[in-house]
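A.B. asks: One structure is given below, represented as structure tokens, and several questions about it will come after.
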Amino acid sequence: MNRTPAGQRGFTLLSVLVSIVIMAVGLLGMIRAMLAVTSSATQNQTVSAIATLSNGFWGVVQSNPALLVAAGFVGTYTASNYTGAPSVLQPWLKQATDALPAGQVTIATGPDAGSNSACTATSGCSVTMTMQWSQVGAPGANATETNRLQTFYYQFGL
């Protein structure tokens, strides 16, 4: 036989508070997981953009082989100084520096890999392009900014 009056049935205040605390901890865990997923998605988006940009660089240099020996081709470019590059390379550099957070592009040439001769527009040469950018980690108290880079190696003229 139940001794409590019919009007006093239900949850106690303590059981309601415990259930609220358990739900809050679960929600905070889900929010933290979503922030980590969002950070990873941003990193993947940047890496995908870099792959596309490297193909664009390859196309620009192939269609303009004189760039290999042009003044201003070799150097480090940012959003503030890309206009110092040869004019045919400037649209690509603007796109690259705009796509990379606090990014820079470094271009260097070397001797032809096959003949070890000096870099020329007719015999070709090796080109190294390095893209560097700033990647922010997962938001929160432990969010850190990391400099990341990707290097691409090209051989023109073989």
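A.B. asks: May I ask for the distance between the Cα centers of the range 50-65 and the range 111-128, given as a whole number of Å?
C.D. replies: The range 50-65 and the range 111-128 have Cα centres spaced 17 Å from each other.
A.B. asks: Also, I was wondering about something else. Residue separation times 0.36 nm, minus the C-alpha to C-alpha distance between Gln45 and Ser80: what's the value?
C.D. replies: Here the segment from Gln45 to Ser80 would lengthen by 10.3 nm.
A.B. asks: Test of understanding: what is the full-extension gain from Thr146 to Val18, defined as 0.36 nm times their sequence separation minus their Cα-Cα distance?
C.D. replies: Gain on extension, Thr146 to Val18, equals 42.0 nm.
A.B. asks: Let me ask something else about it. Using modelled backbone amide H atoms (1.01 Å from N, in-plane), which distant-in-sequence or interchain residues come within less than 5 Å of Gln135's amide H?
C.D. replies: Thr146, Asn147, Arg148
Bear in mind these aren't lab numbers, they're just calculated from the coordinates by the rules spelled out. If you're wondering where the values come from, they're calculated on a predicted model, not measured in any experiment.
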